[in-house]
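The values are calculated or read from the model by the stated rules, or taken from the named source; none is laboratory data. All figures in this text were calculated on a predicted structure; none of them were measured in a lab. Quick reminder, even Gly has a Cβ in these numbers, built from the backbone with ideal geometry, and neighbours come from all protein chains shown.
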Amino acid sequence: MRHLKFLPDETNIDFIGWRYYAFALDGLLMLAAIVSLAIQGFNLGIDFTGGVLLEAKSAQTINIGKVRSEIVHLGFPEAQLQYFGGGECDRPVNSCVLIRFQPTAAHPGESAVSLIKARLGGEYSFRRAEVVGPKVSQELFSDGVKATILAIVLISIYVAVRFEWQYGVGALIATGHDVFVTAGLFSFTQMEFSLNSVAALLLLAGYSINDTVVVFDRIRENRRKYKRMGLKELINLSTNQIATRTTLVSAATALTMLPLLFFGGPELFGFSAAILFGILVGTFSSTYVAAALLLYLPALGGGGVREETAVAVRPDSSERVQ
């Protein structure tokens, strides 16, 4: 019985030969992330800024200008309002609004929530109400950054112990790169950066290192099998052998995130978008960041020596070529 194949079992792509183009593209992504973070930073959510967050639903299309005017008259001039969709909010269109504002000394916390609910009246149903203090929000942001950095470092230490220190360096740079570029996506698009976003970055770090370890494991396996093969040819061989597997796994993971992206509502949109973007970046970096970096580190021990001094052995024959 013949099986339907969307991709070949093995490819024959010169990944290492294309690495400079990949480095250029990667450099542009990194530059865009750095510039965006430096100029506009994150659009921090209520988790990290403190304040009050309300989600209001109406049976009719909401006039957002009228709602903003009523809230401003209550003494909250910096209130931010935006429509959001998904599920019941699309029936009718623009029938849900997200209200975010800072409470005042006269109306702190729950008092401000009650005041706005009373002002908007019974035609609105409030599906979510959160009040976060400024001290708690600052601690959450600090702890989120520390958790992300610590996760990347510990993952890299594990890879260095499990393989060799060169692999650990590659994993550290590749995983940190994936997380940083994805964080830059939040800044560039000004999607709300909240605790869900931190969870997405941590999840992405785990997914990224999984792809990287698969590449590293195949490189290590081929180093033992083809001990006199040059490192460039070895990396090309290894990445081509697992290219189809990596592509199919990434595609399958991305497909599971699409329903969350389109139907998960505003709370999960940033999370889903970050994971989808991170899958693309992580698959790219496993080859062009993690694996290619091995060329620029001290020679690996026990085989896979530098390309310039190596005598390559073709994997499909026993013939040696100089």
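Against the conditions (1) crowded, with 19+ Cβ neighbours inside 10 Å; (2) part of a strand (DSSP E or B), where does Thr175 fall short? Just the number, please.
(2)
Listed residues Leu276, Leu234, Leu268, Leu258; which is surrounded by 14 or more Cβ atoms within 10 Å (Cβ to Cβ), within 30 Å of Gly85 (Cβ to Cβ), at pLDDT 85 or above and out of contact with any Asp or Glu (no Cβ under 6 Å at 6 or more places or on another chain)? Can you show your working first?
Numbers: Leu234 fails: within 30 Å of Gly85 (Cβ to Cβ); Leu268 fails: at pLDDT 85 or above; Leu258 fails: surrounded by 14 or more Cβ atoms within 10 Å (Cβ to Cβ).
Matching residue, one of Leu276, Leu234, Leu268, Leu258: Leu276.
Starting from residues that are under 17 Å from Gly50 (Cα atoms), among the charged types (D, E, K, R) and in contact with a strand residue (DSSP E or B) (Cβ under 7 Å, 6 or more places away or on another chain), keep the ones in the stretch 112-145 and report whichever is surrounded by the fewest Cβ atoms within 10 Å (Cβ to Cβ).
Among those residues, the one meeting the criterion is Arg128.
Does any residue in the stretch 221-244 that is touching a residue at least 12 places away in the same chain (Cβ under 8 Å) and on the phi > 0 side of the Ramachandran plot come within less than 9 Å, Cβ to Cβ, of a residue that is buried (at least 20 other Cβ atoms within 10 Å of the Cβ) and not polar (S, T, N, Q) six or more places away or on a different chain, and which pairs are these?
That search, which allows pairs on different chains as well, returns nothing.
Looking only at the stretch 67-94, count how many residues are among the aliphatic types (A, V, I, L, M) and surrounded by fewer than 13 Cβ atoms within 10 Å (Cβ to Cβ).
Within the stretch 67-94, the subset among the aliphatic types (A, V, I, L, M) is 67, 71-72, 74, 79, 81, 93.
Those still in the list that are surrounded by fewer than 13 Cβ atoms within 10 Å (Cβ to Cβ) too: 93.
Within the stretch 67-94, residues that are among the aliphatic types (A, V, I, L, M) and surrounded by fewer than 13 Cβ atoms within 10 Å (Cβ to Cβ) number 1.
Residue under question is Leu185, and the condition is that it be out of contact with any Ser or Thr (no Cβ under 7 Å at 6 or more places or on another chain), crowded, with 19+ Cβ neighbours inside 10 Å and part of a helix (DSSP H, G or I); does it hold? Break it down stepwise before answering.
Working: out of contact with any Ser or Thr (no Cβ under 7 Å at 6 or more places or on another chain): yes; crowded, with 19+ Cβ neighbours inside 10 Å: yes; part of a helix (DSSP H, G or I): yes.
When the stated conditions are applied, Leu185 passes them.
Output the residue which, of all residues in the stretch 23-66 that are touching a Ser or Thr at 6+ places or on another chain (Cβ under 8 Å) and in a helix (DSSP H, G or I), is surrounded by the fewest Cβ atoms within 10 Å (Cβ to Cβ).
Once the filter is applied, the top-ranked residue is Leu37.
Return a yes/no flag: does the stretch 146-165 have any residue that is of a type in the set (Val, Ile, Thr), part of a helix (DSSP H, G or I) and in contact with a strand residue (DSSP E or B) (Cβ under 8 Å, 6 or more places away or on another chain). Working first, answer last.
Within the stretch 146-165, the first condition is being of a type in the set (Val, Ile, Thr), and the residues that meet it are 148-149, 152-153, 155, 157, 159, 161.
After this cut, where a residue has to be part of a helix (DSSP H, G or I) as well, the list is 148-149, 152-153, 155, 157, 159, 161.
Now narrow it down to the ones that are in contact with a strand residue (DSSP E or B) (Cβ under 8 Å, 6 or more places away or on another chain): none.
Checked the stretch 146-165: no residue is of a type in the set (Val, Ile, Thr), part of a helix (DSSP H, G or I) and in contact with a strand residue (DSSP E or B) (Cβ under 8 Å, 6 or more places away or on another chain).
Can you name the residue in the stretch 205-258 that is of a type in the set (Phe, Trp, Tyr) and either assigned to a helix (DSSP H, G or I) or in contact with a Ser or Thr (Cβ under 9 Å, 6 or more places away or on another chain) (or both) and, of all such residues, is farthest from Phe180 (Cα to Cα)? Give the steps one after another, and end with the answer.
We begin by selecting, within the stretch 205-258, every residue of a type in the set (Phe, Trp, Tyr); these are 207, 216, 226.
Next cut, either assigned to a helix (DSSP H, G or I) or in contact with a Ser or Thr (Cβ under 9 Å, 6 or more places away or on another chain) (or both) only: 207, 216.
Numbers: Tyr207: 14, Phe216: 22 Å.
Filtering first and then ranking leaves Phe216.
With Leu25, Leu74 as the choices, which residue is in the same structural domain as Ser187 (by TED's automatic domain parsing) and of a type outside the set (S, T, N, Q)? Steps first, answer last, please.
Details: Leu74 fails: in the same structural domain as Ser187 (by TED's automatic domain parsing).
None of the others qualify; the one that does is Leu25.
Of the residues in the stretch 67-120, how many are of a type in the set (Val, Ile, Thr) and in a loop (DSSP other than H, G, I, E, B)? I'd like the intermediate steps shown before the answer.
Of the stretch 67-120, the ones of a type in the set (Val, Ile, Thr) are 67, 71-72, 93, 97, 99, 104, 113, 116.
When the remaining residues are screened for being in a loop (DSSP other than H, G, I, E, B), the result is 93, 104.
Residues meeting the conditions: 2.
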